[in-house]
Every structure is written in structure tokens, then in C-alpha cells.
1. Could you tell me whether the stretch 10-23 includes any residue that is hydroxyl-bearing (Ser, Thr, Tyr), at pLDDT below 70 and closer than 14 Å to ARG327 by Cβ?
2. Within the stretch 294-316, can you find the residues that are part of a helix (DSSP H, G or I) and among the hydroxyl-bearing types (Ser, Thr, Tyr)?
3. Do we find a residue being outside any helix (DSSP H, G or I) and without any contact (Cβ under 8 Å) to a residue 40 or more places away in the chain anywhere in the stretch 329-345?
4. Can you tell me which residues in the stretch 163-179 are farther than 14 Å from TYR125 by Cα and either of a type in the set (Lys, Arg) or outside any helix (DSSP H, G or I) (or both)?
5. Checking VAL197 against (1) among the aliphatic types (A, V, I, L, M); (2) in contact with a Leu (Cβ under 8 Å, 6 or more places away or on another chain); (3) loosely packed, with under 14 Cβ neighbours inside 10 Å, which test does it fail?
6. Collect the residues in the stretch 201-237 that are crowded, with 22+ Cβ neighbours inside 10 Å, aliphatic (A, V, I, L, M) and under 17 Å from the mean Cα position of the chain (by Cα), keeping them in residue-number order.
7. Take the residues of the stretch 317-328 that are outside any helix (DSSP H, G or I) and hydrophobic (A, V, I, L, M, F, W, C): which is nearest to ILE55 (Cα to Cα)?
8. Could you pull out the residue among SER129, SER105 that is closer than 30 Å to ASN191 by Cβ and surrounded by fewer than 21 Cβ atoms within 10 Å (Cβ to Cβ)?
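The values are calculated or read from the model by the stated rules, or taken from the named source; none is laboratory data. These numbers were taken from a predicted model, which means no experiment stands behind them. Heads up, the Cβs are rebuilt from the backbone with ideal geometry, glycines too, and the neighbour counts pull from every protein chain shown.
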Amino acid sequence: MEATGPRLKYYAARISYVSAQLFELPGASKRLSAMEGLRGLAILLVFCSHYVALIVPVLAPKAGATRMAATLGEFGAGGVDLFFLLSGFLIYRTALRGAGRRYFSFLARRVERIYPTFLVVLTAYYALSVIGLMDFRGPKGFAGVSYVVANAIFLPGIFDIRATISAAWSLSYEWVFYLSIPLLVLALAVNRWPRTVRISIFAFLAIGYVAFVVAFPKVFPFFVYWDSTRIRLIMFLCGMCVFEILQDESSVRGSGRQRLIALAIIPFAVATFWLDWLRAVTGHDATYATWLQLGALRSATLFGTCAAIGLCSLSSDGILARLFRVRPLRYLGNMSYSFYLTHALALHLLIAPLGGLHLQQYGLFGAAAFVPVALMICLVFSAIVFARIEKPLSLPDASPLAAATAP
């Protein structure tokens, strides 16, 4: 018994060492460690969204169609919006530092960061569809070839095209931001504007965009996949606002101000959940215009939620910073891109075996109890991809920009 304590400490130390070797990135002192934890939170939310969409209907088919399950799935999708905020923060910062003047090298680094893992996972999807383990989501013949090309160059999302990797629609939004913001910052000499002017303009653009969608939803065409307003682009503006505010930390520094900002998370998050509930109640039975309006309002409340979280986490004395510096959450954040691309694939492969086990009798209890198992399977799956593909090919130096992607 006396040797048990030292042995446990030894194994704990070994696990900590191996985890650090695998998931820690070089140059950590140059990065905001809380941002890594924020990525971890974001990917957990996205996992919950896809778990509700893919696994809950199998384990609890009756409960899976309930409004609450749909609401939780919609709310979890807000993890993508948090990723957009982080991209807005980092890429805008890079643009202010002159990325527009070295535009093609900036884009080349983005290609290096995004493409190796994406192409491997995309190829895996198509290979599994060939052997019958996955359904091919596109058309047949020549149209199928163009569909594959469209997915390879990140057109789903911005355009009304179904994404082969269901989560990869967001990469289309990312590339629009990558392609545009360095050039806009350079052409408009944004770094010469007073900070208050920059914040005001970014906030005005976000508010104006939401107001326009709410007032004129019929201007936008019908989209089968996602909505045609592309309203979630405002979350990049949210990240840009957070970056600008934190350049003068006196505005958010201090325990009193941090508590007020943290408290603001609650009403914004509750409003987001309520709007998700309304979307679940109405579903696609509502008019498309109503669906767009609810989506725009939801993006506005998410803007406030994510901004408050960012200000409480990325400030040097942020009240939530300690939480997001916890190593397991940071490590998950570091491998979030691999997790983002692979977790839906892992969940898809679980559907057939789970359906054959006839566990539906346990309802939501069984679905909830299986969450840790599904999460662990997804973690193992994505950790292999991270260790073998993403880290050696896309994160050789792990500079702040190298680590920056959303997810």
C-alpha cells in the first residue's frame, strides 16, 4: 500500500509528460494560452451539436425529435461562431501588422495551415463512400467531379452546395475572411484610424448587417444548405472589436469591470438559447424569411455572448482566463482543427453499430450516458490525425499565426 502513492504519482507524471509532448505546441510563451482553451470550449460545443444531430436520433429516436434536443443542437453550433471570433481576432491582428504587403506569403501560410489535414480527411470520406461505409453526398458523373472540386476549394457554405465534410462549410467563411481582410486593411489604411473609430465602424457594420437581414429577408434567395444571408460573418467583426478593445486594457481591467462583463454573458446566452428554441419550434415549416430573421437575431445575441467571453478570457487579468488555461482544455484546443474535421466522420461510423445494439429502450438516458464514450472515440480518432498529419505538416514552428485557424 505504501508504494501505491509513488506509483500513481509516477504514472500521472508520465501521462502529463506524454500529453505535453503530443499536444503542447512550441512557442507557447508567444501565444495567448487562454485562447487555446477557448478553442477547446468551442470544439466541445460543436461536438455536442453533431452528437445531437447524428447519435441522439439513433439512441433516442423519439426524444431526438424533441424541441429541447434540437435547441441544444442549435446552441452547440455556436461553437463555430466562437471560432470565427478567434479568427477575427488573430487574422485582423496580423493584417494590422502588414499582412497585406506580404499578401501571397500570408495566403501560402494559410494554405499550409488548412489544406494537409483537410485533404486527408476529405480523401477518407470519398474512400469510405467507395467501399460503402459512407454515402456519397454529391451527384453522379461529371457533376460529381465538379462537386468534389467545389469541396476541395471551399465553396460549400458561401455557396449553396452541400459540404462533404459536414463541418467544413465554415472553412468557406474563413477563406473569404483570409482573402479580403489583409487587402482591405492595407487599401483603407485602417491602422491609421483612431481606435475608437475602428471599433465604432466594425460594430456599426455588424449591427447594420443584422438590421438589414431582419428588415429585408426576402431580398435573399432560398438556400437548401445553411442560410443565404451569410450572417455569421459578423463574428469576424466581433473578434476584431475584441482585439481593438483589448489594446487599451484599462477599459476592461479590474475585478469590478470583469465581473460586469462576465455577468453580461448570462442574458446574451439566455437570449441566444431562446432564439434557438424558437427556431426549433418553427423549424423549416416557418417561412424562409422568418427563418432568416431568427438566424440574424441569434447571430446578434451570439455576438454579445462571444464578445463578453472574449473580453473576460483574453485580457491579461481576465476573470475567465484561468479556466481556459487548464491544460486538458488547452490541449483539446490545440488539436481542435483535426477534431473539427474528423469527429463527424467518427460519429457517422458509429451510427450503424449503435443501431444494431437496440439501445433505444433507454431513451435520452442512454443517449446522455453514451456521450463520454463517443467523445473518447472522437478524441482518439482526431489525436491520431493531429499527431501524424496536422502537427508535422501544418504546425512545424507553431508561431501565433501558424496556430491560428478556426477551428
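1. Our first condition is that a residue be hydroxyl-bearing (Ser, Thr, Tyr); within the stretch 10-23, this holds for 10-11, 16-17, 19.
Next, from what is left, pick out any that are at pLDDT below 70: 10-11, 16-17.
Imposing the further condition that a residue be closer than 14 Å to ARG327 by Cβ reduces the set to 16-17.
Yes, some residue in the stretch 10-23 is hydroxyl-bearing (Ser, Thr, Tyr), at pLDDT below 70 and closer than 14 Å to ARG327 by Cβ.
2. Hits for the stretch 294-316 are SER299, THR301, THR305, SER313.
3. no
4. Result: no residue meets the conditions.
5. Unmet condition: (2).
6. ILE231, ILE234, MET235, LEU237
7. First, the residues of the stretch 317-328 that are outside any helix (DSSP H, G or I): 317-320, 325-326.
Filter once more, keeping what is hydrophobic (A, V, I, L, M, F, W, C): 319-320, 326.
Working: ILE319: 35, LEU320: 31, VAL326: 29 Å.
Result: VAL326.
8. Values: SER129 fails: closer than 30 Å to ASN191 by Cβ.
Checking each option against the conditions leaves just SER105.
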